[in-house]
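Everything on this sheet refers to the single structure shown next.
The values are calculated or read from the model by the stated rules, or taken from the named source; none is laboratory data. Every value quoted in this text rests on a predicted model; they were computed, and no experiment measured them. Virtual Cβ from ideal backbone geometry, glycine too; neighbours counted across all protein chains shown. These area figures cover heavy atoms from the full protein model, side chains too; ligands, DNA and RNA do not enter into them. Shrake-Rupley method; radii C 1.70, N 1.55, O 1.52, S 1.80 Å.
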Amino acid sequence: MNEDEILKSLGYVMASSYRLSVIKYIGKSVKIPSDIAKKIGVRTNHISNVLADLKDNGLVICLNEDAHKGRLYKNTELSLEILNYLNEMDE
């Protein structure tokens, strides 16, 4: 993964507080949309839209696509690189 790709995706994530919050909350774990929605304080259907958008941009993956309830999401390597980059910026 090159730095240009990371920076392009970083700008995309930072342009939305929802995208940024979702990526940060998932971190290195696996989360379901309802847990993310509770943590961030928005409706689950909005989080589902954010997750679909992040998935389309290669930032999260769904581990059980066939499930209608309890879908599991985790960050991709690109998202983890973005989180590392954000942590370095905070230092």
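Taking a probe of 1.4 Å, how large is the accessible area per residue of the chain, in Å²?
It amounts to 63 Å² per residue over the chain.
What aspartates and glutamates sit close enough to LYS8 to cross-link, taking a C-alpha to C-alpha distance under 14 Å and skipping anything fewer than 8 places away on the same chain?
GLU81
Would you mind computing, in nm to one decimal, how far apart the modelled labels at ARG43 and HIS68 are, each placed 7 Å from Cα along Cα→Cβ?
2.0
Round to a whole number: what % of the accessible area of the chain belongs to carbon and sulfur, probe 1.4 Å?
47
Could you work out the percent of alpha carbon pairs in the chain separated by over 19 Å, rounded to a whole number?
Tail of the P(r) past 19 Å holds 33 percent of the pairs.
In whole percent, what relative contact order does the chain give with Cα contacts below 8 Å and a gap of six or more residues?
So the answer I get is 32 percent.
LYS31: which lysines have alpha carbons under 20 Å from its alpha carbon, excluding same-chain residues fewer than 8 sequence positions away?
Output for LYS31: LYS39, LYS55, LYS69, LYS74.
Select from the stretch 50-89 those trypsin sites (Lys or Arg not before Pro) which occupy a DSSP coil region and have at most 13 other Cβ atoms within 10 Å, ordered by residue number.
LYS69
So if I take the centroid of the Cα atoms in the stretch 3-18 and the same for the stretch 44-64, what is the distance between those two points in Å?
About 15 Å separates the Cα centre of the stretch 3-18 from the one of the stretch 44-64.
Around ALA15, with a cut-off of 14 angstrom between Cβ atoms, what is the net charge of the other residues, counting Lys and Arg +1 and Asp and Glu -1?
Net local charge, ALA15 excluded: +1.
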